[in-house]
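Each remark here refers to the structure printed beneath this line.
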Amino acid sequence: MSELFDFGQKILAKQNFSALLGAELTKFEPGEAELTLVIRDELKQQHGFAHGGVISYLADNSLGFVGGSVLTDVVTSEYKINYVRPAIGEKLIARASVLASGKRQAVCQSKIFVIDGNKEQLVAVAQGTLNKVD
């Protein structure tokens, strides 16, 4: 485990909402972050798939982690999400990467996948801007 990953684990542990959802940080390197979440019944909407708010949370938080991997301490300035299919399966994985960064801002992307058995499918794509906190 790296110092950055250990730091990321401490940050995630301080996020009460992340703990409530059961999110786990599974990768945290400069320019890359991955969050996972087991889909429980409490996280599903009326049609039986993962609620869009849960997917949006994964997008936002993974963007924050990956932006923070290059700028240290960030907040989300904005993000846009496209849902491409219902998240039906056992687990969600958000994989985020930095598209461009400067001294105060990073533009990042997150792709959210659902795992159903051995099958992995894209369910959403998000792009966001993260700003460094002074």
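The values are calculated or read from the model by the stated rules, or taken from the named source; none is laboratory data. Small disclaimer: the values here were computed from a predicted structure and weren't measured. Cβ sites come from the backbone with ideal geometry, for glycine too, and all protein chains shown count toward neighbours.
Listed values, structure above:
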| item | result |
| --- | --- |
| Candidates I81, I39, I88 - the one that is modelled with pLDDT of 95 or more, under 15 Å from S110 (Cα atoms) and in contact with a strand residue (DSSP E or B) (Cβ under 9 Å, 6 or more places away or on another chain) | I81 |
| Qualifying positions in region 102-115 - of a type in the set (G, A, S) and more than 10 Å from V74 (Cβ to Cβ) | G102, S110 |
| Test: residue in region 65-74 that is modelled with pLDDT under 95 and of a type in the set (S, T, Y) | yes |
| Elements of type strands (runs of 3 or more DSSP E) in region 46-122, at least 3 residues being buried (at least 20 other Cβ atoms within 10 Å of the Cβ) | 91-101, 105-116 |
| Of all residues in region 90-121 being polar (S, T, N, Q) and out of contact with any Asp or Glu (no Cβ under 9 Å at 6 or more places or on another chain), the one that is farthest from L63 (Cα to Cα) | N118 |
| Within region 1-45, considering residues that are assigned to a helix (DSSP H, G or I) and touching a Phe, Trp or Tyr at 6+ places or on another chain (Cβ under 6 Å), the one surrounded by the most Cβ atoms within 10 Å (Cβ to Cβ) | G8 |
| Residues being without any contact (Cβ under 8 Å) to a residue 60 or more places away in the chain and among the acidic types (D, E) - total across region 13-41 | 3 |
